[in-house]
Amino acid sequence: MESKARPEIQQKLDTLPTNPGVYLMKDDKGEVIYVGKAINLRNRVRSYFHAPNGHDIKTLHLVDRIRDIEFIVTESELEALVLECNLIKRWKPHFNIRLKDDKRYPYIKVTWQEPFPKVLLTRRMEHDGARYFGPFTAVWAVHETLDTLRKVFPYLTCDREITGRDKRACLYYDIGLCMAPCIGVSTREEYRAMIDRLCMFLEGRTEEVTAAIRARLDEAVAALEFERAARYRDQLQALARIAEHQKVVSVATTDQDVIAFAQDDGDACVQVFFVRGGKLLGREYFVLEGTEGEKADQVLSSFIKQFYDEAAYVPPEILLPEDLDEAQIIEAWLQSRRGQTVMLQVPRNGQGRELVQMAEENAQATLTSLKAQWLADETKQMSAVAELQEALGLENPPLRMECYDISNTQGTNSVGSMVVFERGAAKKSDYRKFKIKTVEGANDFASLQEVLRRRFRRLVQLDQAEPETSHAESVAPSGQKSTRAPRSPSGKDDAWKRMPDLVIIDGGKGQLGAAQEVFAELGIEGVHLISLAKQEEEVFLPGRLASLRLNRASEALKLLQRVRDEAHRFGITYHRNLRAKRGLASQLDSIPGIGPRRRRALLAHFGSLDKIREASVEELATVEGMSRSAAKKLKEQL
């Protein structure tokens, strides 16, 4: 039995190709709400509209919201899997299982491509020749580990150009935290050998590193070099402190990741154990959302694809609690990422099964703890929202609040900021920043009005506009028309579409009056408006002569302060960045031979003055429009 699809949908169902590919389902606003892959597009997509009684609640809700379907034909199922990963990462569709945290997870980065590598914490992996280790979720634990490792592997942290001819080293050399290649104490080869041992340790090859240091200790003792021997002893003790957290869990010496999860109310907590050379080096948890009603193999498949699409390392074995329907294609994809065979295994007994069970228990305990924490946070936040509703005399709770702030320095680089709080918590994806375009000098009132006009005119325009869909077409191998991955018609408009319950202006009566003028001009109704003056923390409301003074200890005032301070922080950060860029531009402009074109090329290539200063003459000369003589002059000036 087939459900009754809309005529426009039915037409697409009737003409779908049988090729492998990816399909995108959209709602009435043109937003991508689901991305899937199929070895046979016709059979897979049509199945959503067959036998609706056999679908779970989530699929029924999805089908009910579908207003358009697009597809991209691929050459193989493997190519479809790769494309599906990229599109889910790009669109974050509501009905797909997805990693809950919007932020990127931190990695340890070793800049191996540089003559004297450094060790950094980064949230972005690039194909730049560096070595990456991770991801990690506890940043503090990474910092703690690096602080300990630096006592054993004293890597560089300064921005000096290492020539070996500097007159003196920095303080870190004196306290034993740097090998001082800058003054020639260590050679490039010696320094890189030390960094290589650090990488080995991060890879889990701890016994090799420990054995090498112990051999040096024995040599120093035999040569009666007791001061050097004491340094090696301290290094061994530092490594032992890290290693004591590692546990031997397998007699096998192969590398493994052990993955298991716990699921509840649409959230899932995935636990990953990292086993290297038979030792459990560490574990991390990751939260997925959109898992309500999903089967275990779907949850695991979705996580594996998203996790290993970003992971720095793919081990030869991955242990799972259940078999996956698409295990073969995932193994082929993982092999393409690793460059060697990767096996997905479901251990039935022995140490492997014990590891999976341990991961499952940890996932359940972590999810229980996280849900209790989320409930406590939301309860506290909503309590503050309710208190604010009562204090301001609002009929309904201000579930969505927007706050506006203006930042400038003596009238220059004026910017505006808009921050959004929903249900008492910051919603950073909806933050917006404004570069003031129509106001000269330090006129905060006029600048505020420009920002409010731009924001609320956008809302009015979107409210009046009809949804439009316009897609580039390509011809699939079968002769059917398919669309390339479309540009989002409304992805960036989400923050503008929502009418706030409460607008907060950073300032006093004057700023409030300026905001009222804009609301009256644009016909904005039903939005409550207040201002918060910082000096006495007074709240001003339209039509009320006296200010409202909330109890300093009240949760309502603390919530307003959090919102206002966040708007100020966000605006100041944007303002400083603009000011720094202009200052950087002026510094480069003052250097002979560096005109606007070269300046733009240098900034685009390196991103900051510090990076330009660190670059060698050879690296500077590779920038478009730069000659070697210009690069040499630039290096001398900087």
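Of the conditions (1) among the charged types (D, E, K, R); (2) modelled with pLDDT of 85 or more; (3) part of a loop (DSSP other than H, G, I, E, B); (4) over 20 Å from Leu399 (Cβ atoms), Glu525 satisfies every one except a single condition; which number is it?
With (1) among the charged types (D, E, K, R); (2) modelled with pLDDT of 85 or more; (3) part of a loop (DSSP other than H, G, I, E, B); (4) over 20 Å from Leu399 (Cβ atoms) applied to Glu525, the lone miss is (4).
Pairs under 9 Å by beta carbon, first residue surrounded by 16 or more Cβ atoms within 10 Å (Cβ to Cβ) and aromatic (Phe, Trp, Tyr) in region 557-581, partner modelled with pLDDT under 90 and part of a helix (DSSP H, G or I), six or more apart or different chains?
Phe570/Lys428
Just to be sure, is Glu84 closer than 20 Å to Ser336 by Cβ and assigned by TED's automatic domain parsing to the domain that holds Asp14?
So Glu84 fits the description; yes.
Looking at region 251-359, what strands (runs of 3 or more DSSP E) fall wholly within it and have at least 1 residues that are crowded, with 21+ Cβ neighbours inside 10 Å and at pLDDT 90 or above?
Fully inside region 251-359 and qualifying: 256-264, 267-276, 279-289, 317-319.
Restricting attention to region 305-332, which residues are over 23 Å from Pro20 (Cβ atoms) and either among the charged types (D, E, K, R) or in the same structural domain as Phe136 (by TED's automatic domain parsing) (or both)?
In the first step, residues of region 305-332 are kept if they are over 23 Å from Pro20 (Cβ atoms); the result is 307, 310-322.
Within region 305-332, Glu310, Glu317, Glu322 qualify.
Looking only at region 421-436, filter to residues that are within 23 Å of Thr379 (Cα to Cα) and touching a residue at least 40 places away in the same chain (Cβ under 8 Å); which one of those is surrounded by the most Cβ atoms within 10 Å (Cβ to Cβ)?
Phe421
Could you grab me the full set of residues in region 220-229 that are loosely packed, with under 13 Cβ neighbours inside 10 Å and part of a helix (DSSP H, G or I)?
Within region 220-229, Ala222, Phe226, Glu227 qualify.
For region 508-530, enumerate the residues that are of a type in the set (Gly, Ala, Ser) and within 13 Å of Ala446 (Cβ to Cβ).
Answer for region 508-530, where residues must be of a type in the set (Gly, Ala, Ser) and within 13 Å of Ala446 (Cβ to Cβ): Gly510, Gly513, Ala514, Ala515.
Quick one: count up the residues across region 63-85 that are part of a strand (DSSP E or B) and not charged (D, E, K, R).
The number of residues fulfilling the criteria is 4.
Among the candidates Val152, Val110, single out the residue that is within 25 Å of Arg231 (Cβ to Cβ) and at pLDDT 90 or above.
Numbers: Val152 fails: at pLDDT 90 or above.
Of the residues listed, the single one that is within 25 Å of Arg231 (Cβ to Cβ) and at pLDDT 90 or above is Val110.
Write out, first by first residue and then by second, each pair whose Cβ atoms fall under 7 Å of each other, whose residues are 6+ apart or on separate chains, and whose first residue, in region 159-179, is exposed (fewer than 13 other Cβ atoms within 10 Å of the Cβ) while the second is aromatic (Phe, Trp, Tyr) and modelled with pLDDT of 85 or more.
Matching pairs, first to second residue: none at all.
Which of (1) within 25 Å of Gln263 (Cβ to Cβ); (2) surrounded by 13 or more Cβ atoms within 10 Å (Cβ to Cβ) does Ala391 not meet, given it meets every other one?
So the condition that Ala391 fails would be (1).
So which residues in region 25-40 are within 17 Å of Ile88 (Cβ to Cβ) and either over 24 Å from the mean Cα position of the chain (by Cα) or not hydroxyl-bearing (Ser, Thr, Tyr) (or both)?
Initial filter on region 25-40 (within 17 Å of Ile88 (Cβ to Cβ)): 25-27, 31-38.
Correct list: Met25, Lys26, Asp27, Glu31, Val32, Ile33, Val35, Gly36, Lys37, Ala38.
Considering only region 180-196, how many residues are of a type in the set (A, V, I, L, M) and touching a residue at least 12 places away in the same chain (Cβ under 8 Å)?
Qualifying residue count for the region: 4.
What are the pairs with Cβ atoms under 6 angstrom where one residue, in region 216-241, is free of Cβ contacts under 8 Å to residues at least 40 places away in the same chain and the other, located anywhere, is among the charged types (D, E, K, R)? Sequence gap at least six, or different chains.
Qualifying pairs under 6 Å: Ala220/Arg228; Tyr232/Arg216.
Could you grab me the full set of residues in region 1-45 that are under 17 Å from Ala80 (Cβ atoms) and without any contact (Cβ under 8 Å) to a residue 40 or more places away in the chain?
Correct list: Asn40, Leu41, Arg42, Asn43, Arg44, Val45.
Mind listing just one residue for me: the one in region 396-416 that is among the hydroxyl-bearing types (Ser, Thr, Tyr) and modelled with pLDDT under 90 and, of those, nearest to the chain's Cα centre (by Cα)?
Once the filter is applied, the top-ranked residue is Ser407.
Anything in region 12-37 that is of a type in the set (A, V, I, L, M) and over 30 Å from Lys497 (Cα atoms)? List them, or say none.
Listed by number, the residues that qualify are Leu13, Leu16.
The values are calculated or read from the model by the stated rules, or taken from the named source; none is laboratory data. Not measured: the values here are computed from a predicted model. So basically every Cβ, Gly included, is an ideal-geometry build from the backbone, and we count neighbours across all protein chains shown.
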